[in-house]
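Shown next, in structure tokens, is the structure this report addresses.
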Amino acid sequence: MKTRLLLIAYALSGTAALIYELSWMRELSAMLGATAYAGGIMLGAFMTGLGLGALIGTIITGNVKRPLMLASRVELAIAVLSIVAFLGIRYLPGYYFNWMRSTGASNPSSFLALQFATCFLVMALPTTAMGMTYPLIMRAVGRDSSIGSLSAKLYAVNTVGAIIGSLIATFSFLPLVGVKGSLVIAAILSVLVAILLRSLTTPRLDVLALFKTPEILVAGITLIILIAIPARADSPLGLGQAFYYLSAQDFERAAAGRTTLFDQEGLYSRVQVIKDSDGTRRLYNGALDEGTDNDFDRVTTAMIAAVPAFSVENTGEALVVGLGTGFTSETYFDLGFEQTTTVEINPQVLPASSFFLDQDFAGSDRWTVVVDDARAFILTSPDLYDCISSEPSWPWSSGVAALFTEEFMMAAKTRLKPEGVYCQWLPNYLLRSEDVEMMYKTMRQVYDRVDVWAINFSNVKNAELLLVGFNDRNSVDQEIIKKRLDDLIDTGQFNNEFIVTDCITPYSEVLRLEAALADSAVPINTDDHSTLEYRVFWNFVRRALDPLAWESSQR
């Protein structure tokens, strides 16, 4: 019976550990950015704490007379230290943001070291306590003749518990009760493990033994404090805000005048709609600003639809990769397309988009939203389209980078009609010339003809780029497309002061891009070697933290 309870306790310990880990990583990713670097660093910090705890536990076991008693208290310590971790997640972003500014962008190693230190500050104490549990338990059963078999069973049930914890945290706890609620559940599990371990220290099996000790009072106070700490109501301060704010204090002043219109924790991220003091509505996906309803931003979302729309003769079916504020899909609708399909992987973005879209469009049977991974949808859908516009999120975000590769472009080509076009959005303000060359060369592996368009603003030329690939290289000439765009803009249909004829122009450096096709040093962005994902991250960091140096390098 005691062996069975020990196995149950250690399985629950594994379940709690993964709930802690995923909750911390979800919240920290909003601060650090959902990048390949951040994910690896968060996991590395977590494993460092576990390893350190195992080392400490191994060293002290020789002097411990009642190892299960200490293991019980360590589990209680994990619950208590979860408060420290939660407070770190709550208050560390402001300090991290200011530290991030002070590191400068010229030293990438320092920046990564700062990310690791930030993760370690949050995870160190509770994960070190987690790591101590196993050597203490093994010390307790060390005199058992079946120690080999028992240690294998302990490892197995802990692994099974960890698997269960990762699944229920991802698919149930985080979407339903959020980060704070998940941490409360994990702390309750840690207290339960402590109760079970403590009950095993008595001559007779007594599960209620812990309730006669002061430790249970500590556990109760811990849970009350955790529950009492309010969940964060405002949008997160993280790497994505580095474009707009010079310090955490600037962000807090701006946040004080905001109103939250929508806030929902989901499977992929926390999605929010925030209304600024000037009335501007912003869509946040995690810590990233995914778009607004102001006319300045709508230049891009309109052109992502208008340019491919005027590059074809038929206005039948359009496919948009990524919903966001929905303005690109709405533009296809306004331009008279018979049917527009939008693919969005994050279901929480759908209700959030309703705060931006015209109700006549949102309720129209000419628009369909599919909740699915864009790549999976394209590979499995039998439908063909006249236009496909790909405007996924930031290319340095994990999971999004695969929508900028040669393989994705090839998959999209199979869904085009014979005279159809594929439009790829690129944030040129985050790209160096060699990055644009790489993406042009990548797209030219798929399409014989690729038109390049520049989206210009009054203060920034070539701010963003559109690469339009043609199934038929003899389709509409670029000069005719430009004439069609100008004629529509002149009618004032867009009703946007920033959408003028000069806001969209053929890219002036196409000859340089063509020359790069024969340069073997220019790579191709593929699934196997997603170069853009890593390049854009460092471009983002340099531009955000040292804009003057970035602008100088771009000249």
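Being among the polar types (S, T, N, Q) and in a strand (DSSP E or B) is the filter here, so list the residues in region 371-417 that pass it. Those that are among the polar types (S, T, N, Q) and in a strand (DSSP E or B): 389, 390. Inside region 277-286, residues that are charged (D, E, K, R) and either part of a strand (DSSP E or B) or touching a residue at least 12 places away in the same chain (Cβ under 8 Å) (or both) make up a count of 2.
Residue 20 - would you say it is open to solvent by less than 10 Å² (accessible area, probe 1.4 Å), at pLDDT 90 or above and either under 22 Å from residue 191 (Cα atoms) or more than 18 Å from the chain's Cα centre (by Cα) (or both)? Full working, then the answer.
Values: open to solvent by less than 10 Å² (accessible area, probe 1.4 Å): yes; at pLDDT 90 or above: yes; either under 22 Å from residue 191 (Cα atoms) or more than 18 Å from the chain's Cα centre (by Cα) (or both): yes.
For residue 20, the condition - open to solvent by less than 10 Å² (accessible area, probe 1.4 Å), at pLDDT 90 or above and either under 22 Å from residue 191 (Cα atoms) or more than 18 Å from the chain's Cα centre (by Cα) (or both) - is met.
Number of residues in region 476-488 that are surrounded by fewer than 20 Cβ atoms within 10 Å (Cβ to Cβ) and either within 16 Å of residue 335 (Cβ to Cβ) or not acidic (Asp, Glu) (or both): the value is 9. Quick check on this structure: which one of 327, 356, 361, 310 is of a type in the set (Phe, Trp, Tyr), open to solvent by less than 40 Å² (accessible area, probe 1.4 Å) and under 23 Å from residue 452 (Cα atoms)? Selected residue: 327, the only one of 327, 356, 361, 310 that is of a type in the set (Phe, Trp, Tyr), open to solvent by less than 40 Å² (accessible area, probe 1.4 Å) and under 23 Å from residue 452 (Cα atoms). Counting only residues that are open to solvent by less than 10 Å² (accessible area, probe 1.4 Å) and part of a loop (DSSP other than H, G, I, E, B), region 226-276 holds 4 of them.
Taking region 502-538 as the region of interest, how many residues are open to solvent by 30 Å² or more (accessible area, probe 1.4 Å), farther than 30 Å from residue 486 by Cα and part of a helix (DSSP H, G or I)? Break it down stepwise before answering.
Keep residues of region 502-538 that are open to solvent by 30 Å² or more (accessible area, probe 1.4 Å), which gives 502, 505-506, 508-512, 514-515, 517-521, 523-524, 527-529, 534-535, 538.
Then keep just the ones that are farther than 30 Å from residue 486 by Cα; that gives 517-521, 523-524, 527-529, 534-535, 538.
Of the ones still in play, those that are also part of a helix (DSSP H, G or I) are 534-535, 538.
Total satisfying the criteria: 3.
Scanning region 420-440 for residues that are within 22 Å of residue 388 (Cα to Cα), open to solvent by 10 Å² or more (accessible area, probe 1.4 Å) and outside any helix (DSSP H, G or I) gives a single hit, 425. Has region 289-311 got at least one residue that is over 22 Å from residue 463 (Cβ atoms) and among the β-branched types (Val, Ile, Thr)? Scanning region 289-311, I find no residue that is over 22 Å from residue 463 (Cβ atoms) and among the β-branched types (Val, Ile, Thr), so the answer is no. When every residue of region 44-67 is checked against the conditions, at least one turns out to be open to solvent by 40 Å² or more (accessible area, probe 1.4 Å) and touching a Pro at 6+ places or on another chain (Cβ under 6 Å).
Looking at the structure I just gave you, is residue 473 exposed (fewer than 14 other Cβ atoms within 10 Å of the Cβ), basic (Lys, Arg), modelled with pLDDT of 90 or more and farther than 30 Å from residue 240 by Cβ?
So residue 473 fails the test.
Residue 443 satisfies every condition listed in (1) in contact (Cβ under 8 Å) with a residue 60 or more places away in the chain; (2) in a helix (DSSP H, G or I) except (1).
Across region 1-17, what is the number of residues that are open to solvent by 30 Å² or more (accessible area, probe 1.4 Å) and either touching a residue at least 24 places away in the same chain (Cβ under 8 Å) or over 19 Å from residue 133 (Cβ atoms) (or both)? Full working, then the answer.
Of all residues in region 1-17, those open to solvent by 30 Å² or more (accessible area, probe 1.4 Å) come to 1-4, 7-8, 12.
Filter once more, so that each one left must be either touching a residue at least 24 places away in the same chain (Cβ under 8 Å) or over 19 Å from residue 133 (Cβ atoms) (or both): 1-3, 7-8, 12.
Matching residues across region 1-17 total 6.
Regarding region 461-484, can at least one residue be identified that is of a type in the set (Asp, Glu), part of a loop (DSSP other than H, G, I, E, B), in contact (Cβ under 8 Å) with a residue 12 or more places away in the chain and closer than 30 Å to residue 381 by Cα? Within region 461-484, one or more residues are of a type in the set (Asp, Glu), part of a loop (DSSP other than H, G, I, E, B), in contact (Cβ under 8 Å) with a residue 12 or more places away in the chain and closer than 30 Å to residue 381 by Cα.
Checking each residue in region 287-301 for being under 30 Å from residue 494 (Cβ atoms) and assigned to a loop (DSSP other than H, G, I, E, B) picks out 293, 294.
Is there a residue in region 392-410 that is open to solvent by less than 40 Å² (accessible area, probe 1.4 Å), in contact (Cβ under 8 Å) with a residue 40 or more places away in the chain and closer than 19 Å to residue 306 by Cα? Looking for residues that are open to solvent by less than 40 Å² (accessible area, probe 1.4 Å), in contact (Cβ under 8 Å) with a residue 40 or more places away in the chain and closer than 19 Å to residue 306 by Cα, one finds at least one in region 392-410, hence yes.
Per-residue answers, yes or no, for (1) in contact with a helix residue (DSSP H, G or I) (Cβ under 6 Å, 6 or more places away or on another chain); (2) free of Cβ contacts under 8 Å to residues at least 60 places away in the same chain:
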{"residue": "294", "(1), (2)": "no, yes"}
{"residue": "297", "(1), (2)": "no, yes"}
{"residue": "317", "(1), (2)": "no, no"}
{"residue": "326", "(1), (2)": "yes, yes"}
{"residue": "331", "(1), (2)": "yes, yes"}
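The values are calculated or read from the model by the stated rules, or taken from the named source; none is laboratory data. For clarity, every value in this text was computed on a predicted model and none was experimentally measured. Cβ coordinates were reconstructed from backbone atoms using ideal geometry, including for glycine residues, and neighbour counts include every protein chain displayed. Please note that ligands, DNA and RNA were not included when accessible areas were found on the heavy atoms of the full protein model with its side chains. Shrake-Rupley method; radii C 1.70, N 1.55, O 1.52, S 1.80 Å.
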